[in-house]
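For reference, the structure is listed below as structure tokens.
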Amino acid sequence: ITAVEGMKYLWGRVRFRDLLAAGSYDAFNPWYKINDINGNKSFPSGHTAYCCTMFLTYPLCLAFEKLKKFAPFMFAFSAAYVILVAVSRLVAGAHYLTDVVVAAVIGYTLFLIVHKIYTIFTKKGIIG
């Protein structure tokens with residue numbers, strides 16, 4: 001997730017609410033355009049990316065026999081939490097849709113990598 005912080009500085013995308021406050025959309029820039037370090041840090045959404053770490057509770061539940069029954073619930077809870085936080089960031093004017101979607105993709109990709117590593121370790125008998 002440190003990559004998200006680096007991207008925020010590098011992209012330098014102005015927040016939607018800042019455009020509204022300025023009364024002009026002249027500072028708008030698309031998500032795919034890198035603007036260098038300029039103090040703006042809208043893209044990607046750090047809140048959304050960090051919320052995706054909740055998905056790591058899923059393999060954690062799988063790792064313990066007593067918690068396995070909670071794994072599906074934790075996955076669903078994590079997904080709902082990420083969606084609620086992403087929507088709240090949109091409503092607050094802190095981010096554009098692309099900001100939260102890219103952050104969710106980054107965060108979920110991290111989950112997929114961890115889950116794959118867990119699966120490999122389980123098959124090799126290293127974990128439970």
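Selection among Ser42, Ser78, Thr57 by position relative to the dipole of region 32-128 gives Thr57 as farthest towards the positive end (Cβ unit charges, Cα centre). A simple count of charges around Thr98, restricted to other residues whose Cβ falls under 14 Å of its Cβ and scoring Lys, Arg +1 and Asp, Glu -1, yields +4.
Hand me the trypsin sites (Lys or Arg not before Pro) from region 1-87 located in a DSSP loop with no more than 15 other Cβ atoms within 10 Å, in residue order please. Mind showing how you got there, number by number?
On the way: sites: Lys8, Arg13, Arg15, Arg17, Lys33, Lys41, Lys66, Lys68, Lys69; in loops: Arg13, Arg15, Lys33, Lys41.
Those satisfying the criteria are Lys33.
With the Cα gyration tensor of region 63-128 giving a ≥ b ≥ c as the square roots of its eigenvalues, does the rule (a/c under 1.5 for rounded; else a/b larger than b/c for prolate; else oblate) give rounded, prolate or oblate? Oblate. Our estimate of slack between Ile113 and Lys33, defined as 0.36 nm per intervening residue step minus the Cα-Cα distance, is 26.1 nm. Loop sites here are chymotrypsin sites (Phe, Trp or Tyr not before Pro) outside DSSP states H, G, I, E and B with no more than 16 other Cβ atoms within 10 Å. The longest part of the chain free of them is 65-128. Lys-Lys pairs in the chain that are eight or more residues apart or on separate chains and whose Cα atoms lie under 21 Å of each other come to 10.
FYI, it's all coordinate maths here, none of it is from the lab. It should be emphasised that the depicted structure is a prediction, and the values quoted were computed from it without experimental measurement. No Cβ is skipped: glycine too gets one built from the backbone with ideal geometry, and neighbour counts run over all protein chains shown.
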